[in-house]
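First the structure, in the form of structure tokens, and then the observations on it.
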Amino acid sequence: MHELSIALEVIEMLEKNNYLEDIRIVNAINLTIGNYSGIDKNYLEFAFQNLGDDRFSEVILNCDYNETDDIKVTEIIAD
């Protein structure tokens, strides 16, 4: 299940760019996922919700798909 490592990488990128500073909870993450990325949206959502980071415990993923093999965070909705 490589979705767990993807979730960890997204969080690391957000923390590195100080996006999560003063954030209590992340409500939703909007992603663009390539059809050929091999990423399962449900597994990725499960990974975020079970990382042990309470900020992501109830996050909802909204995914748009395209014909590439990459993943891109397009928006994060947080309190």
Antiparallel DSSP beta bridges within region 3-78, percent to nearest 5
50
Give me VAL73, VAL10, VAL26 sorted ascending by neighbouring Cβ count inside 10 Å, so fewest comes first.
VAL73, VAL10, VAL26
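Among the trypsin sites (Lys or Arg not before Pro) within the chain, which fall in a DSSP loop and have no more than 11 other Cβ atoms within 10 Å of their own Cβ?
Within the chain, the qualifying trypsin sites (Lys or Arg not before Pro) (loop, at most 11 other Cβ atoms within 10 Å) are ARG24.
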Quick one: if you stick a label point 7 Å off each Cα along the C-beta vector at ILE23 and ASP79, how many nm between them?
1.5
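Counting chymotrypsin sites (Phe, Trp or Tyr not before Pro) as exposed when in a DSSP loop with at most 16 other beta carbons within 10 Å, what is the longest stretch of the chain free of them?
Counting only loop sites that pass the neighbour cut-off, the longest clear stretch is 37-79.
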Average projected area [Cα convex hull, the chain], square nanometres
4.6
Helix-only [θ]222 nm of the chain, DSSP H runs n ≥ 4, -39500 (n - 2.57) each, per residue, nearest 500:
-9000 deg cm²/dmol
What's the local net charge at ASN35, with K and R +1, D and E -1, over the other residues with C-beta under 9 Å away?
-2
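Suppose every Lys and Arg Cβ carries +1 and every Asp and Glu Cβ carries -1, with no other charges. What dipole size does the chain come out with about its Cα centre, to the nearest 20 debye?
Values: 5 positive and 17 negative charges, 8 e Å.
It comes to approximately 40 debye.
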How far, in degrees from 0 to 90, does helix 3-16 lean away from the longest principal axis of the Cα atoms of the chain, to the nearest 10?
50
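Laboratory data are not the source of any read-out in this text; all were calculated from the coordinates shown. Since the structure is predicted, the reported quantities are computational estimates derived from the model, not experimental observations. Cβ coordinates were reconstructed from backbone atoms using ideal geometry, including for glycine residues, and neighbour counts include every protein chain displayed.
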